[in-house]
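All remarks here apply to the structure that follows.
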Amino acid sequence: MNGGASSCEPGVRGALHSAKMASQELRPPDLHVRWLGRMEFARALALQEEIVLKKRDDCSVEDQLLLLEHEPVYTIGRTPDQSSLSATGRIRRGELGAAHLPHPLFAINRGGQATYHGPGQLMGYPIIDLRGCGQDLHKYLRWLEQLLIDLLAEYGIAASRRESLTGVWVGDRKIASIGVGVRHWITMHGFALNVSGDLSPFNHIVPCGINNVAMTSMEKETGSAFSVTRVAGSTEKLVLNQIGDLRVIREARPINV
């Protein structure tokens, strides 16, 4: 009589474990969207770093998108060229780097030059493991841009990309900035969409290092009032619908038992 194998035998247990692991690899972490309200930049940065660390140590931790507003703050990527911190494009005598700015400055691990964040601006911080998205940073940036373009279209605003410039524009006016950091293929930082409110703090810097750029907002483009909370709700629905465009699912391989 030919002997059969039961599920209790080592060979079968090993095969079942391999099948379970393969199934988990095919199923990327869910995306959890969180609205955090108004939050100081330092707290939001610490929260991002905490989540990135957890995801680095445990690949089963779900991807997240943090949506929030900031208290007024300037940020700049880690670059030796800090000329964008001055509205003239150069640091003048007596300005001493950021001493002339009306709000605090943070140098952070993202790409890009200086920008401003504050009330009326929707911040989006996706913390996504790009190892489940083809490890393609270029694709990720284009996905973020398209997300914002589609979001603005829902509010009747025709936005687009501009060649060689990261971000989203309405004509020649910039409505959203994008700056990301990546650690162990896990993203942090993200996008800033101007919804409403005061844009004058941008006048103290060269936004994103682009001379003579005009900043705009959803409010300025439409003449209508928008709440950041409302736009955040629209963003949540859209990103949950479009996250599949970013994912890369590897094909299942047969397991020999």
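The values are calculated or read from the model by the stated rules, or taken from the named source; none is laboratory data. This structure is a prediction, so every number in the text was calculated from the model and none was measured. Using ideal geometry, Cβ is built from the backbone for each residue, glycine included, and neighbour counts are taken over all protein chains shown. Calculation scope for accessible area: heavy atoms of the full protein, side chains included, ligands and nucleic acids excluded. Shrake-Rupley method; radii C 1.70, N 1.55, O 1.52, S 1.80 Å.
Structure values in brief
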quantity: Packing-based ranking, highest mean first, of 109-116, 224-231 given that Cβ atoms within 10 Å are counted; calculated: 109-116, 224-231
quantity: Karplus-derived HN-Hα couplings along the range 106-114 (A = 6.51, B = -1.76, C = 1.60, θ = phi - 60°), whole Hz, x at Gly and Pro; calculated: 10, 8, 10, 8, 10, x, x, 9, 6
quantity: Packing-based ranking, highest mean first, of 101-107, 72-78 given that Cβ atoms within 10 Å are counted; calculated: 72-78, 101-107
quantity: Accessible surface, the range 136-257, averaged per residue in Å² (probe 1.4 Å); calculated: 50
quantity: Calculated FRET efficiency for the pair LEU240/LEU53, C-beta based, R₀ 25 Å, to 0.05; calculated: 0.50
quantity: Electrostatic dipole magnitude of the range 146-257 [Cβ: Lys, Arg +1; Asp, Glu -1; Cα centre; debye, to 20]; calculated: 340
quantity: Using θ = phi - 60° and Karplus 6.51 cos²θ - 1.76 cosθ + 1.60, couplings along the range 196-213 (whole Hz; Gly, Pro as x); calculated: 7, x, 7, 9, 4, x, 5, 5, 8, 10, 9, x, 6, x, 9, 5, 6, 6
quantity: Set of lysines with alpha-carbon distance to LYS174 below 22 Å, sequence-local pairs under 8 removed; calculated: LYS139, LYS220
quantity: Efficiency of FRET from Cβ geometry, ARG142 and ARG34, R₀ 25 Å, rounded to 0.05; calculated: 0.55
quantity: Phi-based couplings in Hz for the range 237-242 (Karplus 6.51, -1.76, 1.60; Gly and Pro marked x); calculated: 4, 5, 5, 5, 7, 9
quantity: Sequence-distant residues sharing a close amide H with GLU40 (under 5 Å, placed H); calculated: GLU71
quantity: Amide hydrogen neighbours beyond the local backbone of LEU105, cut-off 5 Å, H modeled; calculated: TYR74
